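Read through the structure below, which is laid out as structure tokens, and then see the notes.
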Amino acid sequence: MFKTALLGATLLVAGAAAGTAMADTLADVKKAGVFTVATEMQFPPFDFLENNEYKGVDKDLFDEVAKELGVKAKYMDLPWTSVLPGLEAKKFDLVIAPVTITKERMKRYSFTVPISEATAALMKRADDKTINKPEDIAGKKVGGGKGTSQLAQVKEFGQTLPTPPDVREYVDSNQSYADLAAGRVDASVNSLPNLNFAAAQRKETFAVVLPPFGKPSYFSWVGRPSDDDKSLIEAVNAALVKIQKDGRMAAIQKKWFGVSQELPTTVPEPQL
């Protein structure tokens, strides 16, 4: 009786282990032939809608990744505040919204190799003569996207100034830019690539404040840190490195940023 029970328990444990080993998101994606990813399509030039068509850095780059993996890409548009919770709830396979690599986020998520630099900077109205360097936002109104690393950084930076700025949170960066143009805030915070793009689109309205005030940082895509998703992240990383080495990434960067960037081919240790 004891030996039979022991054998049954052993088989049960072995079966459970086998079941766990069989769980593989990459295998599921390839079997379905569809790789479902999510982002917020309100973050140009990375993700945005033009005449109801999804465009941007992430779209172009992930299209290439999907080709490398031999699957079709399916894109979901969600509010930024829903993107990471949706990943954890397994509503899709990967987040391709550009997420800044930080120490806190690395405790909860698995990051791909970088897809862009993400250093925080400021943008002002083009005719504003009072803001000429980052420190000039002391006591002024600054807007930024809610829940973003850049907003957190400007709050921290503000505490080093004689008078901290009045930092205002927006659902997305475009709303912050609209209030900046209308004079309701004095500056907007975002990553340098985002601000360079916005200022280039409306040169008569906006100007980037240089140098950037933030610590050097990078944007990456984000996956779940479970063993089930490990092979998926590895496959995406291999595809991104290949795309970087063969020049496709540089072409995408020049299309949207005007210049190409030198990026790490491994996940860097975050400074934030």
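Conditions (1) farther than 15 Å from residue 98 by Cα; (2) outside any loop (DSSP other than H, G, I, E, B); (3) open to solvent by 40 Å² or more (accessible area, probe 1.4 Å), marked per residue:
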| residue | (1), (2), (3) |
| --- | --- |
| 194 | no, yes, no |
| 207 | yes, yes, no |
| 229 | yes, yes, no |
| 255 | yes, yes, yes |
| 260 | yes, no, yes |
| 267 | no, no, yes |
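Scanning region 61-98 for residues that are open to solvent by 60 Å² or more (accessible area, probe 1.4 Å) and in a strand (DSSP E or B) yields a total of 3. Within region 120-149, the residues that satisfy the criterion of being crowded, with 18+ Cβ neighbours inside 10 Å and at pLDDT below 95 are 145, 148, 149.
Taking the condition open to solvent by 60 Å² or more (accessible area, probe 1.4 Å) and more than 25 Å from the chain's Cα centre (by Cα), does residue 159 pass? In short, yes.
Keeping to region 163-218, report how many residues are of a type in the set (Val, Ile, Thr) and touching a Pro at 6+ places or on another chain (Cβ under 8 Å).
Of the residues in region 163-218, 2 are of a type in the set (Val, Ile, Thr) and touching a Pro at 6+ places or on another chain (Cβ under 8 Å).
Just name the residue that is most open to solvent (accessible area, probe 1.4 Å) out of those in region 99-112 that are in a loop (DSSP other than H, G, I, E, B) and in contact with a strand residue (DSSP E or B) (Cβ under 7 Å, 6 or more places away or on another chain). Among those residues, the one meeting the criterion is 109. Among the residues of region 38-60, the ones that are in contact (Cβ under 8 Å) with a residue 60 or more places away in the chain, in a strand (DSSP E or B) and surrounded by fewer than 23 Cβ atoms within 10 Å (Cβ to Cβ) come to 1 in all. With the requirement that a residue be over 25 Å from residue 216 (Cβ atoms) and either under 16 Å from the mean Cα position of the chain (by Cα) or in a loop (DSSP other than H, G, I, E, B) (or both), what does region 175-192 give you? Selection gives 183, 184, 185, 186. Against the definition (of a type in the set (Phe, Trp, Tyr), surrounded by 18 or more Cβ atoms within 10 Å (Cβ to Cβ) and not in a strand (DSSP E or B)), how does residue 213 come out, yes or no? In short, yes. Taken over region 230-259, residues that are within 18 Å of the chain's Cα centre (by Cα) and not hydrophobic (A, V, I, L, M, F, W, C) amount to 4. Scanning region 240-247 finds one or more residues that are part of a loop (DSSP other than H, G, I, E, B), open to solvent by 60 Å² or more (accessible area, probe 1.4 Å) and either without any contact (Cβ under 8 Å) to a residue 40 or more places away in the chain or of a type outside the set (Gly, Ala, Ser) (or both).
The values are calculated or read from the model by the stated rules, or taken from the named source; none is laboratory data. In this text, all values refer to a predicted model and were calculated from it rather than measured experimentally. Heads up, the Cβs are rebuilt from the backbone with ideal geometry, glycines too, and the neighbour counts pull from every protein chain shown. SASA here: full protein model, heavy atoms, side chains in, ligands and nucleic acids out. Shrake-Rupley method; radii C 1.70, N 1.55, O 1.52, S 1.80 Å.
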